[in-house]
1. Identify all residues within region 223-250 that are surrounded by fewer than 23 Cβ atoms within 10 Å (Cβ to Cβ), over 21 Å from ALA352 (Cβ atoms) and either touching a helix residue (DSSP H, G or I) at 6+ places or on another chain (Cβ under 7 Å) or touching a residue at least 24 places away in the same chain (Cβ under 8 Å) (or both); write none if there are none.
2. If I go through region 74-111 residue by residue, how many of them are open to solvent by 30 Å² or more (accessible area, probe 1.4 Å) and within 15 Å of MET142 (Cα to Cα)?
3. Out of (1) aliphatic (A, V, I, L, M); (2) more than 28 Å from TYR254 (Cα to Cα); (3) open to solvent by less than 70 Å² (accessible area, probe 1.4 Å), what's the single condition that is false for VAL132?
4. I'd like the full set of residues that are open to solvent by 60 Å² or more (accessible area, probe 1.4 Å) and in a loop (DSSP other than H, G, I, E, B), limited to region 205-222.
5. Looking at ILE149, is it β-branched (Val, Ile, Thr), part of a helix (DSSP H, G or I), out of contact with any helix residue (DSSP H, G or I) (no Cβ under 7 Å at 6 or more places or on another chain) and under 22 Å from ILE351 (Cβ atoms)?
6. Taking only region 155-164 into account, find how many residues are buried (at least 24 other Cβ atoms within 10 Å of the Cβ) and in a helix (DSSP H, G or I).
7. Which residue is nearest to the chain's Cα centre (by Cα), if the candidates are limited to region 167-203 and must be under 17 Å from TYR260 (Cβ atoms) and of a type in the set (Ser, Thr, Tyr)?
8. Specify which of the listed residues (GLY167, GLY152) is within 21 Å of TYR80 (Cβ to Cβ), modelled with pLDDT of 95 or more and surrounded by fewer than 23 Cβ atoms within 10 Å (Cβ to Cβ).
Amino acid sequence: MDRRVVITGLGAVTPCGNSPEELWNSLMAGRHGFELAPWFPDQEPDNLSVVSRVKNFDASEYFDKKELRRNDVIVQYAVYCAMQALKDAGTDLKDIDPYRVGVVIGSGIGGIYTTEEEMANYHNKGNKRVGVFTITKMIGNMAAGEVAIRTGFKGSNFCVTTACASGTQSIGEAFRSIKHGYLDAAIAGGTEHSDIGFCYASFNNMHAVTRSTDVDRASIPFDAERSGFVLGDGCGLLVLEEYEHAKARGAKIYAEICGYGSTCDAYHETSPDPEGKGGAMAMKFAYQEAGMKPEDINYINAHGTSTSMNDRTETMAIKTALGEKAYDANISSTKSMTGHLLGATGAVEAIASVMALNDGVIPPTINLDEPDEGLDLNYTPNKAVKRDVNVAASTNLGFGGHDACLVFKKY
């Protein structure tokens with residue numbers, strides 16, 4: 001028998017704040033986390049790019065100096081968020097068999113910061129100068145592994161790597177594991193730290209990142225002047241519990257997860273299927289599993305990367321999935337404020353979706369001045385909007401053609 005799954009704890013480290021409350025307050029105020037900074041060591045002083053960086057992050061509460069050197073930033077983010085989420089949930093989940101508590105944390109590129117740093121050591125200083133912990137700092141699964149070490153959770157533990165869909169699929173896979181009885185609780189989400197020149201150069205050379213140097217016109221999803229995404233980093237984790245367990249302990253319940261859709265375009269390495277069929281089917285699978293109809297969806301937190309292809313394709317996907325009811329839903333891209341957090345983006349946007357359900361407010365798509373031709377849905381431009389939100393969906397698309405969607409219901 002399928003079981004209900006609820007969200008009882010949230011943890012966030014983002015360019016818009018290092019807690020779910022700080023993040024949500026920034027989104028409600030329409031406040032972005034962008035800044036101008038040089039990406040490349042050989043750049044001229046005035047050759048700057050818009051970036052979206054985590055600020056004032058301090059992992060020393062959970063890591064001593066030795067441990068900081070042994071763990072990549074993606075792991076530091078994940079441990080910080082996991083502890084924050086458990087504290088928010090008001091439990092350490094020790095009343096559950098540890099083999100029934102899982103950890104699923106995705107990452108699009110893993111420890112890329114460590115990879116660049118240690119490759120430079122190898123080429124410039126020789127093989128003996130490569131750090132002894134290089135491998136464990138590089139591999140993407142170490143975020144989930146270290147969270148398990150810190151918490152003692154011994155259930156299913158793995159890393160989803162599906163580019164920008166990683167965080168969403170991590171939550172979806174944890175949801176299914178609890179729903180079908182393999183786990184009773186889980187910590188799930190995504191983490192990423194791509195704030196290095198090598199990573200930026202790769203996205204820049206494929207013309208994926210913004211060409212703007214105006215921080216207020218850099219990430220402008222659905223706008224006719226959009227030119228690419230703002231590269232960012234961060235982490236978002238959620239505590240998921242089987243409903244009866246959460247209810248029995250008197251847990252604060254943010255929302256219920258009731259649907260998950262996962263598909264693949266099978267079309268191209270970086271470009272989405274221009275007709276948006278894969279994204280549409282992921283949405284349909286998600287709301288069908290939730291027992292919903294298109295008219296039930298009040299809010300969609302869109303992938304909305306501010307790239308020409310994504311925004312157009314995703315709009316088509318929403319129209320295909322919801323039909324004429326697509327115009328009734330509020331849609332927004334919180335990437336207009338956070339930037340694109342790659343493997344963490346879906347988890348952070350899941351948090352935003354859950355907060356929208358709780359507060360009855362739709363976060364805006366800021367700096368959306370002139371929607372592009374054919375992009376005619378209700379993208380909630382510039383200001384947050386009050387609305388009684390009963391059902392919210394969060395969608396993400398990743399390189400490789402990965403499409404994922406989560407559906408949340410108000411508790």
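The values are calculated or read from the model by the stated rules, or taken from the named source; none is laboratory data. Nothing here was measured: the structure is a model prediction, and the numbers come from that model. All Cβ positions, even for glycine, are placed from backbone atoms using ideal geometry, and neighbour counts span all protein chains on display. The area values use the complete protein model at the heavy-atom level, side chains included, leaving out ligands, DNA and RNA. Shrake-Rupley method; radii C 1.70, N 1.55, O 1.52, S 1.80 Å.
1. Correct list: ALA224, GLU225, SER227, GLU242, TYR243, GLU244, HIS245, ARG249.
2. Residues meeting the conditions: 2.
3. Only one criterion in (1) aliphatic (A, V, I, L, M); (2) more than 28 Å from TYR254 (Cα to Cα); (3) open to solvent by less than 70 Å² (accessible area, probe 1.4 Å) is unmet by VAL132, namely (3).
4. Matches in region 205-222: MET206, HIS207, ARG211, THR213, ASP214, ASP216.
5. no
6. Final tally of qualifying residues: 1.
7. Top of the filtered list is THR168.
8. GLY152
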